[in-house]
Amino acid sequence: MDIQTIYQDTIKYAAGKHESTSQKVPGTNLPYVVHLSNVAMEILITSRHTDNFNLELALKAALLHDILEDTGTTKEEFESHFGADVTHGVLALTKNEDLPKEDQMADSLKRIKAQPLEIWAVKLADRITNLQKPPSTWSNEKKIKYHDEAQIILDTLGSGNAYLASRLSAKIKEYESYINS
């Protein structure tokens, strides 16, 4: 199957799942699929700068990375539709909400590191996409925490993709302008 068809089929599935929860991009009225397509765009461009990149796995994971965390989709339903490799990647990208909040990021990063580098790339691309102007409701403390988490992601996963590591490093620097403002 060609990558365009994979993209179209996967984004339709993701859009339907996220729309059923009326999920929006935080701080906006934009449908959540905008965020997913932005992460996928980062992955599509990255594939042109990365040798031996499994674009199909990365693209599906990019478009589906929040499905299990944010919708009522079960692991079984998801795996029957997208297979084990995509499911394991998305599960690694999904926070374990049974853990204390302060442990969730480290746990997820540990699980991501056990996945193919394409899953690392999705996490990097996700944070690049999220380092936009923060919602006006965020406190300065929350902005600082988000900035610091981005640096932890870069330090932990940056070696997995030089192109995305460079992009995330630049986005972290840009994001500093939102702190104390």
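The values are calculated or read from the model by the stated rules, or taken from the named source; none is laboratory data. Since the structure is predicted, the reported quantities are computational estimates derived from the model, not experimental observations. The protein model used for the area step is the full one, side chains on, heavy atoms only, and it has no ligands, DNA or RNA in it. Shrake-Rupley method; radii C 1.70, N 1.55, O 1.52, S 1.80 Å.
What the table below lists for this structure:
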| quantity | calculated |
| --- | --- |
| Percentage relative contact order, region 77-131, counting C-alpha pairs under 8 Å, at least six apart | 28 |
| Computed helical MRE - 222 nm, the chain, DSSP H runs ≥ 4 contributing -39500 (n - 2.57), nearest 500 | -22000 deg cm²/dmol |
| Alpha-carbon centroids, region 53-85 and region 106-179: separation in whole Å | 20 |
| Carbon/sulfur fraction of accessible area - the chain, other protein chains in place, 1.4 Å, % | 49 |
| Rel. contact order, % - alpha carbon contacts under 8 angstrom, at least six apart, the chain | 20 |
| Solvent-accessible surface (1.4 angstrom probe) belonging to S136, in square angstrom, nearest 10 | 120 |
| Given K143/K173; K143/K171; K60/K171; K113/K173, the pairs whose alpha carbons are separated by over 18 Å | K60/K171; K113/K173 |
| Mean accessible surface per residue for region 1-82, computed with a 1.4 Å probe while every protein chain stays in place, in Å² | 52 |
